[in-house]
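S.K.: Please find one structure pasted underneath; my questions will follow.
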Amino acid sequence: MRDVYVIGCGMTKFGEIWESSFRDLFVEAGLKAIKDAGVDHLDSMYVGTMTSGLFIGQEHVGALMADYLGMAPIPAVRVESACCSSGMALRMGFLDIASGNSDVVLAGGVEKMNDGADVTYALSTAADQEYEVYQGITFPGLYALIARAHMNKYGTTRKQLAQVAVKNHHNGSMNPNAQFPREVTLEQVMNATLVADPLTILDSSPVSDGGACVILASEEIAKKLQKPMIKIIGSGAATDFLALHQREDITALKAVKVSAERAYKMAGVKPSDIDIAEVHDCFTIAEICILEELGFCEKGQGGKFTEQGHTSLEGKIPVNTSGGLKSKGHPVGATGVAQVIEVVEQLSGKAGQRQVKNVKIGLAQNMGGSGASSVTHIFSLM
Amino acid sequence: MPSPRYRREMPQRYRLEAGKCKGCGKIFFPPRLICNKCSSQNFEKVTLPENGKIITFTIIRVAPQQFEAEVPYAIAIVELENGVRITTQVVDCDPEKLEIGNSVKLVFRKVQAEGKTGIILYGYKAVLV
Ligand SMILES: [Zn+2]
């Protein structure tokens, strides 16, 4: 396999972007990434979107975006794995270059969630339609089932859940692309309107529009650009039972654990080597479980680990320096690549007020549904 | 949910039919064509027990359109007496008073309706015992 580098990044602001269409969000991010990379062509592209068909009635997204990016007739295909669609699109781009098939690839994602669709229903299609959704479950509901089981089994507290939101909003308050760049307090999170007990609206990531793209390239091309060399040193993906109730341990996100183990193995690094991580905090409980599955702390200790401040900007492993899905926003199909953009900015020393010192190795973890798919990438400043 | 899909799932929903792997004995609900534990493709039809206990639950306060009239409602993962787990509403109770470990029994109920004038969709829900 050939080495693969990230040579350019571009994203839109995340939020309720009424004035931009689905295609415009993607093309805006794509053009920014192409300009940032300084390349004059693409060999292929991969577009992540979860459910553009339900959100805006548009499928055939690979061709649409290649067309509007002015790149047709390059090969372009949509990649779907629910909320980790663009994390998986990145992996497809990585494999395309690693295999020697392409030299310059665009990997991106986009979602337009605020155009009038039944968002709760559209998102719930990532769960088991016949045996979960049929009964009336929702996505906040699935994570609430995990949260209550985690609290019952490990003594995780309501306050520890809230601390994830407080930390991520603090980080997001310094991110100009964030949907909700403002601080929240523990009391605000805990006393906010309940969505699915014990989770409140402030435990949940928002409904967002947005696009995010990166340009990947072979070593030969990356070397000519005279900028920081950021290499993808690990890529791992995994799956699990689709329905939460079929998993032996309701509090375990096995696909996250396996995807991370695969990425660590390829990269030849251990959890303690990671300097910063962007993880899939679609709900506060998700970040707590992911900390455990990535090996940053012991199983069951994610809440305590957060409470002790280890994941804050000054902690031993700053997590979600961008503000995470929670504060930055979660246009589902764009999230995975937006996470990668934060890791690249931290590695390049361009993260502004939220810059962490001496970042050499960063990790991005993106997952689908209630954790039935996950993809983990590890990046190194060479 | 389109009607043909619903009809196909009726044996599982109406009669709680599951598939027991003849290779390793694992019981699958809904039935599957291949066992993920031993890869056997031989199954026998078994009926799930109606009794079980709540292993985790939530109260849904923001629902998709077809359940909007019912909020707040409780949904639990219930472990049945033979170890099979299902996701189900827990009804005829005060959701605020539910606890992990509560004993429940599955009953036959209307679950939702297909659109405003569509067919009524039945299935299982749980009640406290
Ligand atoms: Zn078997």
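S.K.: Is there a residue being closer than 19 Å to A:H330 by Cα, at pLDDT 95 or above and part of a loop (DSSP other than H, G, I, E, B) anywhere in region A:71-83?
M.R.: yes
S.K.: Residue by residue through region B:22-41, note down the ones that are more than 14 Å from chain A (Cβ to nearest Cβ) and either more than 9 Å from the ligand (Cβ to nearest atom) or not in a loop (DSSP other than H, G, I, E, B) (or both).
M.R.: If the condition is that a residue be more than 14 Å from chain A (Cβ to nearest Cβ) and either more than 9 Å from the ligand (Cβ to nearest atom) or not in a loop (DSSP other than H, G, I, E, B) (or both), then B:L33, B:Q41 are the ones that fit.
S.K.: In region A:94-131, what residues are of a type in the set (A, V, I, L, M, F, W, C) and within 14 Å of chain B (Cβ to nearest Cβ)?
M.R.: Within region A:94-131, A:A117, A:V119, A:A122, A:L123, A:A126, A:A127 meet the criteria.
S.K.: Separate question: Is at least one residue of region A:325-333 within 23 Å of A:M229 (Cα to Cα) and not acidic (D, E)?
M.R.: Taking every residue of region A:325-333 in turn, none turns out to be within 23 Å of A:M229 (Cα to Cα) and not acidic (D, E).
S.K.: Separate question: Could you list, in sequence order, all residues of region A:167-179 that are closer than 14 Å to A:P318 by Cα and either touching a Ser or Thr at 6+ places or on another chain (Cβ under 7 Å) or surrounded by 24 or more Cβ atoms within 10 Å (Cβ to Cβ) (or both)?
M.R.: A:K167, A:N168, A:H169, A:N171, A:G172
S.K.: Could you please find all residues in region A:96-135 being without any contact (Cβ under 8 Å) to a residue 60 or more places away in the chain and hydrophobic (A, V, I, L, M, F, W, C)?
M.R.: Listed by number, the list holds a single entry, A:V133.
S.K.: Working only within region A:297-335, note down all residues that are more than 15 Å from A:I285 (Cβ to Cβ), assigned to a helix (DSSP H, G or I) and over 11 Å from the mean Cα position of the chain (by Cα).
M.R.: A:S327
S.K.: Does region B:80-106 hold any residues that are surrounded by fewer than 19 Cβ atoms within 10 Å (Cβ to Cβ), β-branched (V, I, T) and out of contact with any helix residue (DSSP H, G or I) (no Cβ under 7 Å at 6 or more places or on another chain), and which are they?
M.R.: The answer is B:V91, and nothing else.
S.K.: Next question. So, in region B:73-125, exactly how many residues are of a type in the set (A, V, I, L, M, F, W, C), farther than 20 Å from A:Y121 by Cβ and more than 10 Å from chain A (Cβ to nearest Cβ)?
M.R.: Residues flagged as of a type in the set (A, V, I, L, M, F, W, C), farther than 20 Å from A:Y121 by Cβ and more than 10 Å from chain A (Cβ to nearest Cβ) within region B:73-125 amount to 8.
S.K.: Examine region B:13-21 for a residue that is closer than 26 Å to A:A149 by Cβ, modelled with pLDDT under 95 and either aromatic (F, W, Y) or more than 16 Å from the ligand (Cβ to nearest atom) (or both), and state whether such a residue exists.
M.R.: Yes, because at least one residue in region B:13-21 is closer than 26 Å to A:A149 by Cβ, modelled with pLDDT under 95 and either aromatic (F, W, Y) or more than 16 Å from the ligand (Cβ to nearest atom) (or both).
S.K.: Looking at B:V62, B:V46 in this structure, which one is at the interface with chain A (Cβ under 10 Å from one of its Cβ atoms), surrounded by 11 or more Cβ atoms within 10 Å (Cβ to Cβ) and either within 16 Å of the ligand (Cβ to nearest atom) or not in a helix (DSSP H, G or I) (or both)?
M.R.: B:V62
S.K.: Please work out if B:Y6 is closer than 29 Å to A:L199 by Cβ and more than 16 Å from the ligand (Cβ to nearest atom).
M.R.: Here the answer is no, as B:Y6 does not meet what is asked.
S.K.: Take the residues in region A:212-235 that are without any contact (Cβ under 8 Å) to a residue 40 or more places away in the chain and of a type in the set (K, R); name whichever of them is nearest to A:Q339 (Cα to Cα).
M.R.: Ranking the qualifying residues of region A:212-235, first place goes to A:K223.
S.K.: Follow-up. Do any residues in region A:167-187 that are part of a loop (DSSP other than H, G, I, E, B) have Cβ atoms under 8 Å from those of residues that are at pLDDT 95 or above and among the aromatic types (F, W, Y), where the two are at least six apart or on different chains, and which pairs are they?
M.R.: The qualifying pairs are A:N177/A:F14; A:A178/A:F14; A:Q179/A:F14.
S.K.: What are the pairs, 6+ residues apart or on separate chains, where a residue within region B:25-38 that is in contact (Cβ under 8 Å) with a residue 40 or more places away in the chain has its Cβ under 7 Å from a residue that is charged (D, E, K, R) and within 12 Å of the ligand (Cβ to nearest atom)?
M.R.: Filtered contacts from region B:25-38: B:I27/B:K20.
S.K.: Continuing with this model, one more query. Residue check, A:F26 against (1) touching a residue at least 60 places away in the same chain (Cβ under 8 Å); (2) more than 21 Å from the chain's Cα centre (by Cα), all met but one. Which one?
M.R.: It fails just one condition, (2).
Quick grid of which residues meet (1) farther than 25 Å from A:M151 by Cβ; (2) surrounded by fewer than 19 Cβ atoms within 10 Å (Cβ to Cβ):
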{"site": "A:Q246", "(1), (2)": "no, no"}
{"site": "A:L253", "(1), (2)": "no, no"}
{"site": "A:V256", "(1), (2)": "no, no"}
{"site": "A:A263", "(1), (2)": "yes, no"}
{"site": "A:A267", "(1), (2)": "yes, no"}
{"site": "A:D273", "(1), (2)": "yes, yes"}
{"site": "A:I276", "(1), (2)": "yes, no"}
{"site": "A:C282", "(1), (2)": "no, no"}
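S.K.: Filter region A:36-58 down to the residues that are without any contact (Cβ under 8 Å) to a residue 40 or more places away in the chain and either in contact with an Asp or Glu (Cβ under 8 Å, 6 or more places away or on another chain) or among the aliphatic types (A, V, I, L, M) (or both) and list them by number.
M.R.: The answer is A:G53, and nothing else.
Conditions (1) buried (at least 20 other Cβ atoms within 10 Å of the Cβ); (2) of a type outside the set (K, R); (3) not in a helix (DSSP H, G or I), marked per residue:
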position: A:D115; (1), (2), (3): no, yes, yes
position: A:T120; (1), (2), (3): yes, yes, no
position: A:G141; (1), (2), (3): yes, yes, no
position: A:H150; (1), (2), (3): yes, yes, no
position: A:K153; (1), (2), (3): no, no, no
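S.K.: So, A:G303, is that one touching a residue at least 12 places away in the same chain (Cβ under 8 Å), crowded, with 18+ Cβ neighbours inside 10 Å, outside the structural domain of A:S21 (by TED's automatic domain parsing) and closer than 20 Å to A:S86 by Cβ or not?
M.R.: Considered against the rule, which asks whether it is touching a residue at least 12 places away in the same chain (Cβ under 8 Å), crowded, with 18+ Cβ neighbours inside 10 Å, outside the structural domain of A:S21 (by TED's automatic domain parsing) and closer than 20 Å to A:S86 by Cβ, A:G303 comes out as no.
S.K.: In region A:188-219, which residues are over 16 Å from A:E16 (Cα atoms), hydroxyl-bearing (S, T, Y) and not in a strand (DSSP E or B)?
M.R.: A:T193
S.K.: Let me ask you something else. Answer yes or no as to whether A:V164 is within 19 Å of the chain's Cα centre (by Cα) and either under 23 Å from A:L202 (Cα atoms) or not assigned by TED's automatic domain parsing to the domain that holds A:G315 (or both).
M.R.: Yes, satisfied.
S.K.: Scan region A:148-164 residue by residue and report those that are out of contact with any strand residue (DSSP E or B) (no Cβ under 6 Å at 6 or more places or on another chain) and not basic (K, R).
M.R.: Within region A:148-164, A:H150, A:M151, A:N152, A:Y154, A:G155, A:T156, A:T157, A:Q160, A:L161, A:A162, A:Q163, A:V164 meet the criteria.
S.K.: Residues in region A:3-26 that are closer than 19 Å to A:V105 by Cα and of a type outside the set (V, I, T): how many?
M.R.: 9
The values are calculated or read from the model by the stated rules, or taken from the named source; none is laboratory data. Since we're looking at a predicted model, the values are computed, not measured. Neighbour counts are summed over all protein chains in view; Cβ atoms, including those assigned to glycine, are modelled from backbone coordinates with ideal geometry.
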